[in-house]
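Written below as structure tokens is the structure these notes are about.
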Amino acid sequence: MAGMATTPASPNRTSPARTDPVVAGASELIGGPPGRHALLGASRSWWTPLRVLMLLVTLTCVLGYAQKSGCRDTRNWTDEYQYTRMCYSDVVALYSQEGLVDGKLPYLDYPTEYPPVIGGAMQLVSSLAGLGSAPAAVFRTDEAGAQVFDHYSMDSRSALFYDLTALLFLVAACVAVFCTALTMAPSRIWDAALLALAPTLALHLLTNWDVLAVAFAAGGLLAWSRRAPRLAGILFGLGVVTKLYPALFLLGLAVLCLRTGRMREWARTAVYAVGAAVAVMLPVWLTAGYFDGTTKVSDGIWSTFWGGGDWVALLDGEQAGAHNGLQRFFELNSERGADWDSLAFATTWLAGKYDTGWFEPLHLVVLAIGLTAAGAAAALAVRRWPWLRAQVIGTAVACWLVLAVATPLVLGAVRDHGIPVGTLNVLTAVGLVLAVVGILALALLAPRRPRVPQVVLLLVIAFLVTNKVFSPQYTIWLLPLMALARPHWRLFLVWQACEIWVLFTRFMHFIYNDTSGADGIDRGWFVGAVVLRDLMLCVIAAFVVREILRPELDVVRDGGMDDPAGGILDGAPDVRGGRLGLRLPSRPWGRAVPASAPLSGTEAGTDQDELSWPEGLAGPVGDEPRVAAPEASTAPHSPRPVDRREQG
């Protein structure tokens, strides 16, 4: 790993100031983009790009710490302070709510609602935070000389827990940027600045523990790119037992390995991922207590075994109505309703807000948006596969008609009956499955094999948009994937602005609720922000799909590279899939083949799946010459905040 700590000089390094209009404009502050004859990366300065990126992410994390520092003092959690300052943090709230302040151990003494790695991180930091002092009453002398209560001192334990957690998250963020930068091609290392400088990284670094999962996921991608499937599996497995979303990485890798015939390597990665997850979860399962709600009614399997009790009866996770502490995470996610930031919540509110007469203009808006989306998709498909014009147009019209008929029916049903949790679980699962099937089909059948980050980014976006829970901090899951899959600053910053608007309207709406409408903003503003954010994610996904279908528009592949994050997939030939849109045999990527160029006898009479691909190429690329076209409330005497609406 020591060899990966520095970035080798490269005269071919890509400068974002030359290729990205946003960076080019920003570079005018320091003299403008480098000149045409500048040799980027040729100088031997101590300030390598990787070290600069470490400095940038450190500054971002310090800014995030400062932005939420007002909430580290629990005495401030009154009069909507945590919302008006946008400094709410689960790190502070959960320190008291999870019993950590009282010395309780996650899973053993309290049914923590997070996967084991987060519970372990909580316990590690809280064991040190306990060295701080508890709040104490502070008295003053009044005019008569008597001692009267004045205020409570700050809870140093909670503040220390916040500070140490911030330090842990700083390390995790640096690891994520480090791994993301090294996963890229050396010539595009500056793309990692999208992660290092992301505004939402500063806003959500200390909202929850998600940055730990981001670090594991980024490390897994780096290991995969360096052809270390076992290490990649271990890191992905640790990510899964931190937050579940890294499991989607394995799904994306599976279809790409299937396309290239590398399933043995994928199976090795999957086995190690499962092994790492089991190695973490099994000890917790055996030692966790059994709880009825939050009340402990029985010791765990291990303690019961050594105490001579009936430990066999505990193996199924149930004991006289009580549940194993590790099950709390799964129970919460199956029993909870639609979360604030989800489309399901927006649909429920919208259907109940207006009478059926208001459905008509809404219906027209939905029809217009649906027609635009269906028309754009059909136009793209017809351009790609003109011989399927009738089928494509028929499919687009059918989808639009289904949307036209379903919209008033769905809104009416939700208004009359709501969305029961069981029904909501089924609907979100079906929506996710349909989206995943479409993404996997795209990855398998695209003219050229997509890059790993492109497929994984689409899968994570599909999960977030269709899920019934979309907590604000989940947005940082996407940051490394955006830097790897589509490093364009303009669309990235527009999306970041939408995320900031969601957070602002969320807090302002919470103030509206708590003050009975005296302050803050109505729910419609917040729901509108959520819908806008999800539409922006769909736009990002559409651009990624476009670049999968037209690889010449992918700035990462523009210089002739295949898939820097692909590892064993980088340059691997296809053995199946890639059948849609192929008109000519493969040629070296980056060199256009004139339409008049004769085919060799082998190429003219061989099925494209049986062609012998030149080493380092990724298979069929379609029939167009490559064109470089980069896109342009707690009372003062109670130090324990209990508001859990930000929980995710």
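The values are calculated or read from the model by the stated rules, or taken from the named source; none is laboratory data. All values reported here derive from a predicted model rather than from experimental measurement. Using ideal geometry, Cβ is built from the backbone for each residue, glycine included, and neighbour counts are taken over all protein chains shown. Quick note on the areas: whole protein, heavy atoms, side chains included, nothing else; ligands and nucleic acids left out. Shrake-Rupley method; radii C 1.70, N 1.55, O 1.52, S 1.80 Å.
With the cut-off at 1.5 for a/c, could you classify region 404-560 from its C-alpha gyration tensor as rounded, prolate or oblate?
Judged from the Cα gyration tensor, region 404-560 comes out oblate (a/c at least 1.5, b/c at or above a/b).
Which distance in Å, rounded to a whole number, links the C-alpha centroids of region 81-147 and region 424-493?
36
Leaving out ligands and nucleic acids, note down the accessible area per residue over region 537-581 with a 1.4 angstrom probe, in whole Å².
Value returned for region 537-581: 30 Å² of accessible area per residue.
Send over a whole-number figure in Å² for the accessible area per residue of region 171-300, probe 1.4 Å.
I get 31 Å² per residue for this part.
Taking all protein chains in place and a 1.4 Å probe, what share, in percent, of the accessible surface of region 259-385 do carbon and sulfur account for?
After summing per-atom areas, the C and S share lands at 65 percent.
Which three extents, in whole angstrom, do the alpha-carbon atoms of region 104-250 cover along their principal axes, largest first?
Per principal axis, max minus min of the Cα coordinates gives 77, 38, 21 Å.
For region 404-473, compute Rg over Rh where Rg is the Cα radius of gyration and Rh is the Kirkwood radius from the inverse mean 1/r over Cα pairs.
1.10
Using every Cα-Cα pair within region 191-288, state what percent have a distance larger than 16 Å.
Counting pairs separated by more than 16 Å, the tail of P(r) holds 59 percent.
In units of 2.2 N^0.38 Å, what is the alpha-carbon radius of gyration of region 234-341?
1.37
Karplus couplings for region 563-573 from phi (6.51 cos²θ - 1.76 cosθ + 1.60, θ = phi - 60°), rounded to Hz, Gly and Pro as x?
Those phi angles translate into 8, x, 8, x, x, 5, 7, 5, x, 6, x Hz.
Among LEU168, LEU212, ALA136, which residue has its Cα furthest toward the positive end of the charge dipole of region 108-260, with +1 on Lys/Arg Cβ and -1 on Asp/Glu Cβ?
Projecting each Cα onto the dipole axis, the largest value belongs to LEU212.
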